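What follows is a short report on a single structure.
The values are calculated or read from the model by the stated rules, or taken from the named source; none is laboratory data. Remember, it's a predicted structure, so these values are computed and weren't measured experimentally. Positions of Cβ are generated from backbone atoms using ideal geometry, with glycine treated the same way; all protein chains shown enter the neighbour counts.
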Amino acid sequence: MPRLRPRPPVNQDTQFLWDGFKEGQFRIQRCVGCKKLRHPPGPACPNCHSFEWDFIVASGRGTVYSYVNFHHPHVPPFEKPNPIALIETEEGTRFISNLVEIDPAKIEVGMPVEVVFTEVDPELTLPLFKPVKA
């Protein structure tokens, strides 16, 4: 039996995010008080300390801010190498995800990427990123 991907922690502060991925939306939490976007989601704004928040539906586009091609130790079900990137979204937040549809040797800082919603199983949809075709 194939190993399942590790499950993300889901709580009242992150449920909107995972619901959005299932619906094909890349959502970013926003403070109602000061309008600052934030990721990762949390109960209070680190800027103004408000507990009131909503979210925006983001473009799903960004650039590779940093990355690593993870080789060792091998962690099933991930393939080797496992390209993991810190994506800077067009909206200005940063998000950690896997890069897909690219040779890991060709990843570059600053390369434009876009989200690909991938249903891993019926209960988990992940936002992975692929290079933007020129």
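Results for (1) touching a helix residue (DSSP H, G or I) at 6+ places or on another chain (Cβ under 8 Å); (2) in the same structural domain as LYS22 (by TED's automatic domain parsing); (3) charged (D, E, K, R), shown as yes or no for each residue.
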| residue | (1), (2), (3) |
| --- | --- |
| PHE51 | no, yes, no |
| ASN69 | yes, no, no |
| PRO83 | yes, no, no |
| ARG94 | no, no, yes |
| GLU114 | no, no, yes |
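Would you confirm whether any residue within region 59-69 is under 24 Å from VAL132 (Cβ atoms), within 12 Å of the chain's Cα centre (by Cα), among the small types (Gly, Ala, Ser) and part of a loop (DSSP other than H, G, I, E, B)? Yes; the residues of region 59-69 include at least one that is under 24 Å from VAL132 (Cβ atoms), within 12 Å of the chain's Cα centre (by Cα), among the small types (Gly, Ala, Ser) and part of a loop (DSSP other than H, G, I, E, B).
Looking only at region 124-134, decide whether some residue is assigned to a loop (DSSP other than H, G, I, E, B), without any contact (Cβ under 8 Å) to a residue 24 or more places away in the chain, within 20 Å of VAL10 (Cβ to Cβ) and aliphatic (A, V, I, L, M). Scanning region 124-134 turns up no residue that is assigned to a loop (DSSP other than H, G, I, E, B), without any contact (Cβ under 8 Å) to a residue 24 or more places away in the chain, within 20 Å of VAL10 (Cβ to Cβ) and aliphatic (A, V, I, L, M). Scanning region 105-124 for residues that are in contact with a Phe, Trp or Tyr (Cβ under 9 Å, 6 or more places away or on another chain) and charged (D, E, K, R) returns GLU108, GLU114.
Of all the numbered requirements in (1) of a type in the set (A, V, I, L, M); (2) more than 13 Å from the chain's Cα centre (by Cα); (3) in the same structural domain as VAL132 (by TED's automatic domain parsing), VAL100 misses one, and that requirement is (2).
Scanning region 87-115 for residues that are part of a strand (DSSP E or B), surrounded by fewer than 16 Cβ atoms within 10 Å (Cβ to Cβ) and either modelled with pLDDT under 95 or not charged (D, E, K, R) (or both) returns ILE96, PRO112.
Restricting the first member to region 23-42 and to residues that are farther than 21 Å from LEU126 by Cβ, and the second to residues that are among the aliphatic types (A, V, I, L, M) and assigned to a loop (DSSP other than H, G, I, E, B), the beta-carbon pairs closer than 9 Å and six or more apart or on different chains are CYS31/ALA44. For region 43-77, a tally of residues being free of Cβ contacts under 8 Å to residues at least 24 places away in the same chain and more than 17 Å from VAL32 (Cβ to Cβ) returns 7. TRP53 passes all but one of (1) over 22 Å from VAL10 (Cβ atoms); (2) surrounded by 16 or more Cβ atoms within 10 Å (Cβ to Cβ); which number fails? So the condition that TRP53 fails would be (1).
Whether any residue in region 18-27 is assigned by TED's automatic domain parsing to the domain that holds LYS133, modelled with pLDDT of 95 or more and not in a loop (DSSP other than H, G, I, E, B) is what I want to check. Scanning region 18-27 turns up no residue that is assigned by TED's automatic domain parsing to the domain that holds LYS133, modelled with pLDDT of 95 or more and not in a loop (DSSP other than H, G, I, E, B). Among the residues of region 68-79, is any modelled with pLDDT of 95 or more and either surrounded by 15 or more Cβ atoms within 10 Å (Cβ to Cβ) or of a type in the set (Val, Ile, Thr) (or both)? Yes - at least one qualifying residue is present in region 68-79.
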